[in-house]
1. Considering only 80, 97, 64, whose Cα is most displaced toward the positive end of the charge dipole of region 63-105, charges sitting on Cβ of Lys, Arg (+1) and Asp, Glu (-1)?
2. Quantify how much of the Cα-Cα distance distribution of region 1-74 extends past 18 Å, in percent.
3. Quick one: 3J(HN,Hα) in Hz for region 192-198, Karplus 6.51/-1.76/1.60 with θ = phi - 60°, rounded, Gly and Pro as x.
4. If you place +1 on the Cβ of every Lys and Arg and -1 on the Cβ of every Asp and Glu, how big does the dipole about the Cα centre of the chain come out, in debye to the nearest 20?
5. Between region 222-295 and region 129-166, how many Å separate their Cα centres?
6. Among DSSP bridges having both ends in the chain, what percentage is antiparallel? Round to the nearest 5.
7. In deg cm²/dmol, rounded to 500, what helix-only [θ] at 222 nm does the chain give when every DSSP H run of at least 4 residues adds -39500 (n - 2.57) and the total is split over its residues?
8. Using a cut-off of 12 Å between beta-carbons, work out the net charge of the residues near residue 224 (Lys and Arg +1, Asp and Glu -1, residue 224 not included).
Amino acid sequence: MLEFKKPELSDQQWVTEIMRSSGELACEYCFGNLYMWSSVYDNTVTEYKGLFLARDGNERPMYLFPCGEGDKKGAVEELLRCAKEDGAPLTLYCLTPKKVRELDCLMPDKFEYIPMREYFDYIYNTEDLVSLAGRKYHGKRNHISFFKKNFNWRYESLTEKNMDACLKMNDLWETANQEKNPEEIGNELIAIRRGFAQFDRLGFTGGVLYANDRIVGYTFGEALNDTVFCTHVEKAFADVRGAYPTINREFAAHALTAYKFINREEDTGSEGLRKAKESYYPAVLLPKYRAVYKG
């Protein structure tokens, strides 16, 4: 039987090597993201013959489709045994269309595939987010222009020196937005604090936006691979016109031009968030499915 355990910093190297070599584009394939949220979602990990496996322990357990090169059919069979111990049908998450085809080839007609629209990843051309060129970005450019003309502003990298100030800004943001989804916002703060505690060790990169010497936005994430950066967190005050598009644009311009794409993760089913992410015109809307064992 597989033995899953909490992800630790000592797991970072072997997990990251498998994830990056796999060529996956989904945000779930970032070790830092997994580590940040592990205390919220009770994520656990293990290795099976060179493959990376993960378990989401919240509510009914789900398992990440095996990542890496190796005996994936054998790994899924092991996960079927784990699911039997769970007392529920095996549910695999984060299957892109390619992985759906792969699993269906390994085990024909054994799984039902359910599209999870709220977890589709929004992936953008970095150059689009930097240049904001063309008529479709006219509104973004206007908001940024207003912000830069009406505030004494500056951008700087997110480091240990300004983390406490970012957390204080986050507290104010949380107070303003708490009623929208108190549990989710509270959980996110737990993940952010966990990420900040090991920011450099996890290989995170971030940026901070100031207006009149006050932090009005910050963001951070990590490399998914050599060509894709994954933004995990972006916060700004909605009542400061232009703060959101400015932190988005300045972070891309200052820190992310080495990457071809930026994965800005999913919309979690929020209508407002979906509209905001669509307004930046993703180059790829990456579908994800859940696979539920029919047996």
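Values in this text are rule-based calculations from the coordinates and carry no lab data. This is a predicted model, so every value here is computed, not measured. Cβ sites come from the backbone with ideal geometry, for glycine too, and all protein chains shown count toward neighbours.
1. 97
2. Here the tail beyond 18 Å accounts for 32 percent of pairs.
3. Listing the rounded values in order: 4, 4, 5, x, 4, 5, 10 Hz.
4. Dipole about the Cα centre, nearest 20: 1000 debye.
5. Each part reduced to its Cα centre gives a spacing of 16 Å.
6. Values: 42 of 47 bridges.
Roughly 90 percent of the DSSP beta bridges within the chain come out antiparallel.
7. Calculated at 222 nm, the ellipticity per residue is -13000 deg cm²/dmol.
8. Working: positive: 20, 260, 264; negative: 24, 28, 121, 222, 226, 265.
It works out to a net charge of -3.
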